[in-house]
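The values are calculated or read from the model by the stated rules, or taken from the named source; none is laboratory data. All figures in this text were calculated on a predicted structure; none of them were measured in a lab. Using ideal geometry, Cβ is built from the backbone for each residue, glycine included, and neighbour counts are taken over all protein chains shown.
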Amino acid sequence: MRSAYIERKTKETDIKMRISLDIATNEQQVAAADERPKGIETGCGFLNHMLTLFAFHSGISLAIEASGDTDVDYHHLTEDVGIVLGMCLKEALGGGKGVNRYGSVFLPMDETLVLAALDISGRAHLNFDVQIGAPKVGDFDTELCEEFLGGLCRALGLTLHVKLFYGRNAHHIIEAVFKGLGRALGEAVRIDPSKSGVIPSSKGSL
């Protein structure tokens with residue numbers, strides 16, 4: 001059962017998150033634990049939208065209840081949601097037996113083209129080569145896209161490269177990043193039937 005449920009509370013944020021890498025397992029969890037979150041609610045509309053897109057394109061079932069010191073800004077909330085997502089993914093993957101490990105995609109979004117390439121390596125590294133011209137989309141600071149990804153990489157032990165080839169619209173650019181991340185991560189966590197039970201590393205561990 002490749003699933004996880006984590007509650008993380010700090011002086012800045014309070015986050016409950018449930019994920020399942022296999023949808024059938026998630027449906028069983030919901031039936032057994034009605035008190036757990038079932039939707040995506042962070043208190044930030046734009047972040048909700050991006051996480052919904054991520055979940056859809058990754059094929060990973062995701063439910064979140066999150067709150068934080070949003071009277072300041074969305075920085076702590078966004079980074080901490082990334083951290084808890086990484087923690088959940090790490091727990092759900094276990095030792096990573098049988099997974100593809102790698103994933104990559106070129107993701108077009110209207111005038112925008114983004115590359116997302118990743119390795120569930122156990123080594124945290126983010127290369128974020130994305131210039132976003134506008135400082136905000138609505139009330140969301142566009143620089144927080146990188147903060148979210150950094151938190152995810154550190155908590156999961158993920159190597160992630162994101163590159164913007166071209167694009168003008170800030171919403172389109174961030175949307176392409178989240179969709180690309182979802183597609184690439186969905187590929188990486190998928191079980192390869194030909195490698196069932198095998199850890200995808202010559203070292204014998206990720």
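Does S121 fit the bill of being over 26 Å from R8 (Cα atoms), touching a residue at least 40 places away in the same chain (Cβ under 8 Å) and either out of contact with any His (no Cβ under 6 Å at 6 or more places or on another chain) or in a helix (DSSP H, G or I) (or both)? No, not satisfied.
Does A92 satisfy the condition of being of a type outside the set (D, E) and either under 30 Å from K195 (Cα atoms) or touching a Pro at 6+ places or on another chain (Cβ under 8 Å) (or both)?
Yes; evaluated as a whole, the condition is true for this residue.
Does H76 qualify as being of a type outside the set (D, E, K, R), in a strand (DSSP E or B), touching a residue at least 12 places away in the same chain (Cβ under 8 Å) and touching a Ser or Thr at 6+ places or on another chain (Cβ under 9 Å)? Here the answer is no, as H76 does not meet what is asked. With respect to F106, is the statement that it is at pLDDT 95 or above and closer than 21 Å to E7 by Cα true? Judged against the criteria, F106 is not a match. The number of residues in the range 109-155 that are in contact with a strand residue (DSSP E or B) (Cβ under 6 Å, 6 or more places away or on another chain), among the β-branched types (V, I, T) and within 30 Å of G98 (Cα to Cα) comes to 1. Considering the range 140-199, the residues that are over 23 Å from P108 (Cβ atoms), of a type in the set (S, T, N, Q) and not in a strand (DSSP E or B) include one that is modelled with the highest pLDDT, namely S194.
Out of all the residues in the range 66-80, which are closer than 21 Å to L181 by Cα and acidic (D, E)? Those that are closer than 21 Å to L181 by Cα and acidic (D, E): E79, D80. Whether any residue in the range 82-97 is in contact with a strand residue (DSSP E or B) (Cβ under 7 Å, 6 or more places away or on another chain), within 25 Å of F140 (Cα to Cα) and in a strand (DSSP E or B) is what I want to check. Within the range 82-97, none of the residues are in contact with a strand residue (DSSP E or B) (Cβ under 7 Å, 6 or more places away or on another chain), within 25 Å of F140 (Cα to Cα) and in a strand (DSSP E or B).
Taking the range 45-73 only, how many residues are assigned to a loop (DSSP other than H, G, I, E, B) and surrounded by fewer than 23 Cβ atoms within 10 Å (Cβ to Cβ)? Residues that pass the stated criteria total 6.
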